[in-house]
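The values are calculated or read from the model by the stated rules, or taken from the named source; none is laboratory data. Owing to the predicted nature of the structure, the values given are computational and were not obtained by experimental measurement. Cβ coordinates were reconstructed from backbone atoms using ideal geometry, including for glycine residues, and neighbour counts include every protein chain displayed. Protein only, heavy atoms only, side chains kept; ligands, DNA and RNA dropped before computing areas. Shrake-Rupley method; radii C 1.70, N 1.55, O 1.52, S 1.80 Å.
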Amino acid sequence: MFDSLSDRLSGIFSKLRGKGRLTDADIDTTAREIRRALLEADVALPVVKGFIARLKERARGAEVSQALNPAQQVIKIVHEELVAVLGGEARRLNFAKHPPTVIMLAGLQGSGKTTLAGKLARHLRAQGHQPLLVAADLQRPNAVNQLQVLGERAGVEVFAPEPGNGVGDPVAVARDSIEHARRHLRDIVIVDTAGRLGIDAEMMQQAADIRDAISPDEVLFVIDAMVGQDAVATAEAFRDGVGITGVVLSKLDGDSRGGAALSVREVTGCPILYASTGEKLEDFDVFHPDRMASRILGMGDVLTLIEQAEAAFDEEQKERMAAKLVGGDVFTLEDFLDQITTLRRMGPITNMLAMLPGMSQYKDALAELDDRHFDKIVAIIRGMTPAERQNPKIINASRRLRIANGSGVSVTDVNQLMNRFAEAQKQMKQMTSLFGLPGRRKATKSPKNKRKGGKGGSGARRPVPMGGVGGLPTKFDPSALPGGLDGIPGLAPGAPMPRFDLSKLRRRDKNG
């Protein structure tokens, strides 16, 4: 979504890093270029004017003039102002004191309200709630059926007493759903309402009637982040006509400029609560202004990556792997398959790598990554017998041929996997010894040799190469960036970075 804006800002900041002191002319030039970049990203003009005015005022203050690195201070100011424009802090839903909590979704047709209703229901169900989806969009063809399918996929009940397609009273459906939720002990009611292709009096009146009938605790306006400044004007119309309490951004995975996302909070005064980043039900999360600002400036989003990993890896799996490390047990292909399967649940590998600091400079390489590489690995391992997964050493040439034929790959692919897995096993053993974990170690000769730098070693502990994702080699070195690691915004000089080998995930060519 923000690739073009990120590229523009990165280019602007790279010009500042070579300067030991910033003059007023430097500040004016930087502010002018940032202003142009924001306008090209379709950010609303009043928002841009306020942003640039605050940037200039702070850039000419003591925090920049007296800083040892003025360029980093300017980047820090831009980051803080972006966070402020996006809302400052993440805001959670306001739950009713006495259930059920009623949430009404409003917006134009095509903004993604129905899909987002299913995503929100799934998100709340994962938090231990019992949501109820209400099909109050009785005008759009098949809107009721679509919500029923989404509810089934999310494992959530759908209240749909009317068939829709122009039949039924949406106000009565919304009103009756509250009593239905109380009888069936549903603590959250999510009402999906109808939209139009544009603002009109009939749609606004129907939305206001539904609001008056159900007295919602939250009225969330679903905004298509790809629409641009028109979406901001629509949000203002709903704010004045219906009274929205929050905003949900949909289609943040699009390739548009994304100015609506940077404008809607400041223009409407309503906080952004959630963001939808894909077509799947799990592509949905709480909106964090600070994390979004970091992504825009190319600083990554490590916190979200950690949260996704914690959600994907259950406690039993983590304890089992920890026990293997501590006990010095052999890392098997069964463990390997388990890790890859869990990794796939976190989403596309491209999205995960993009959350790492500095990876925005490699977006062309990331665009070439192909998750089908992991599908091939999974097919090969599942083509093995349980004994072969536990002890890969028994896999001889004839077994490799059988595995290749059974999984639809070549023997070369099987050989490559076995070689990478052998490397991963060695690295797991090295990690065990590196962290001092008790394991099955072979007796070593006189440790005095190591201390003296004799045959046993030089005495200096060498860094252990960490295993790559899915057993891939780890050869990508971010220190080769222009300007080294200091060239990454928001990363302290000398900070360690992970190493990745992106070449193994290239997209297939036409010949397969």
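What the table below lists for this structure:
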item: With all protein chains modelled, accessible area of ILE199 [1.4 Å, Å²]; result: 80
item: Rounded percent of accessible protein surface that carbon and sulfur make up, region 1-152, 1.4 Å probe; result: 49
item: Contour excess over end-to-end distance, with Cα ends at LYS376 and THR29 and 0.36 nm allotted per residue; result: 119.8 nm
item: Inter-label distance for ARG345 and SER398, nm, one decimal - labels placed 7 Å from Cα along Cα-to-Cβ; result: 3.9
item: Carbon plus sulfur fraction of accessible area for region 194-236, probe 1.4 Å, in percent; result: 46
item: Calculated FRET efficiency for the pair ARG60/ARG153, C-beta based, R₀ 51 Å, to 0.05; result: 0.40
item: About the Cα centre, charge dipole magnitude for region 78-228 (Lys/Arg +1, Asp/Glu -1 at Cβ), debye; result: 460
item: Shape category assigned to region 158-205 from the gyration tensor of Cα positions, a/c cut at 1.5; result: prolate
item: For peptides 111-121, 178-188, sequence by mean Cβ density within 10 Å, most packed first; result: 111-121, 178-188
item: Linear extension gain, ASP212 paired with ASN391, 0.36 nm per residue minus alpha-carbon span; result: 57.8 nm
item: Spacing of the two label points (7 Å from each Cα toward its C-beta) at GLU202 and ASN94, in nm; result: 3.2
item: Most to least packed among 133-140, 150-157, 36-43 [average Cβ atoms within 10 Å]; result: 133-140, 36-43, 150-157
item: Packing-based order for 77-90, 44-57, using average beta carbon neighbours within 10 Å, highest first; result: 77-90, 44-57
item: Where region 134-263 is the region considered: accessible area per residue in Å², 1.4 Å probe; result: 41
